[in-house]
Structures are given as C-alpha cells and as structure tokens.
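Notes for the one structure printed next.
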Amino acid sequence: MKKLIANSFMIAYLWITMILLGAFVLEVFMVYPNIFHDVPHSLNTAMDFLKVASPHTFFPPLGFVSWLTGLGALIMSWKVKPARYWILASILMMILLGIISMVFEWPRNEIMFIEGELVHSAAYLKQVAREFLMINWLRVFLNTVGAVFVFVGYLKFYHALSLSRDKK
C-alpha cells in the first residue's frame, strides 16, 4: 500500500510539474507576445482581457500544490536512493522558481497591471516589461530543469519499484 501511495505522489508531482512547464511555454509563446507587443498600450488591452482569470489566478495555487506533492513524493520515496536526489533537486528548482516569481515578477506585475500608466511613465513601463520578460526566461529554465529532474527521478523510482516486484 505504501508503494502505491508513493507512486501516486510521484505521478501527481510529475503531472503537475509538466502542466506548469506547458503553461509557462504557452504563456511565453502565445500570451506574452500579445501582452508586451506595444507597451504601455498592450498592457491596457491585456488588463481588459484578463479581468476574470489571469496567470496570477493560475500559477500561485498550482505552484503551491507542486511544492506539496513534491514534498509528499520525496517523503514517500525517500528509501529509493537512486530517485531521492533527483526528486529533491526538482523540488528545489520549483521552490527557487516560486521565490523568483514572488520577489522579482510579482512586484513588476503590480507596476504594469495595477498601477500602470496612472502612476508610471511609458518609458518606465517599457523598462519594467523588459525586466519581466528577461527574468521570465530564468523561470522557464528553472521549470524545465525541475521537470527533467522529476522525470528522471520518476524513472529511477519506477525502475526500483519494478525490481522490487520482480524479486517477489
């Protein structure tokens, strides 16, 4: 039963990490070109469009769930040494991704989408948008590395699980 629970946590963490990665890629290649193509005017259009739901309503809750499922996966699979450090490295990437988002991206989101042109000049908003996009590539990189790490960790976990079944 414990192996089933561990496997469930591993699959959930892998699945959520891949969803996050896919969402980041979608955002970078489909959403952000529309949001940042003509700052500050495109920011106003984006704010009108993103009134009901936005990246802020999607990424923080899912990111937090990834931390929880990652922690559960790590705890439940701790005895599988070949997988342990891959899972731990993935969780560290996802935590770093979250910290970078909170420290660097969220304040820039507030400047661009809450304060906007009422508080800041167009030149400043363009600078903030460039900073946001530059930092976002680091987030995409961390998410990609975290996804690769959890994928390798799951393969190692599953291999160890298969070997333990074969011995019985």
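Computed from the coordinates by the stated procedures, all read-outs in this text should not be read as laboratory data. The model shown is predicted, which means the values in this text are computed figures rather than measured ones. Neighbour counts run over all protein chains shown; Cβ positions are idealised from the backbone, glycine included.
The table below gives the values:
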| quantity | calculated |
| --- | --- |
| Whole-number percent relative contact order across the stretch 2-166, with pairs defined as alpha carbons under 8 Å at least 6 apart | 36 percent |
| Formal net charge of residues neighbouring I75 (Cβ-Cβ distance under 14 Å; K, R +1; D, E -1) | +4 |
| Shape call, the stretch 22-62: gyration tensor on alpha carbons, a/c limit 1.5 | oblate |
| Local electrostatic count, P55, Cβ distance below 10 Å [Lys/Arg +1, Asp/Glu -1] | -2 |
| Label-point gap, in nm, between N109 and W137 - each point 7 angstrom along Cα→Cβ | 2.2 nm |
| Positive-end residue, the chain charge dipole about Cα centroid, Cβ charges, pick of Y32, M93, F59 | M93 |
| Computed magnitude of the charge dipole of the chain (debye, nearest 20; Cβ of K, R +1, Cβ of D, E -1) | 1380 debye |
| Karplus-derived HN-Hα couplings along the stretch 63-73 (A = 6.51, B = -1.76, C = 1.60, θ = phi - 60°), whole Hz, x at Gly and Pro | x, 5, 5, 5, 5, 5, 5, x, 4, x, 4 |
| Of (i) 174; (ii) 191; (iii) 99, the label for volume of the Cα convex hull per residue in Å³ derived from the coordinates | (iii) |
| The chain - mean residue ellipticity at 222 nm from DSSP helices (-39,500 (n - 2.57) per run, n ≥ 4, rounded to 500) | -26500 deg cm²/dmol |
| Charge dipole of the chain about the Cα centre (unit charges at C-beta), most positive-ward option of S42, I75, S164 | S164 |
| Cα gyration tensor shape for the stretch 84-157, rounded if a/c is under 1.5, else prolate or oblate | prolate |
| Those trypsin sites (Lys or Arg not before Pro) in the stretch 16-96 that DSSP places in a loop and that have at most 12 other beta carbons within 10 Å | K51, K79 |
| Karplus-derived 3J(HN,Hα), 6.51/-1.76/1.60, for each residue of the stretch 45-61, Hz, glycine and proline x | 4, 4, 5, 5, 6, 9, 6, 8, 9, 8, x, 5, 7, 9, 6, x, x |
| E115, E27 arranged by Cβ crowding within 10 Å, fewest neighbours leading | E115, E27 |
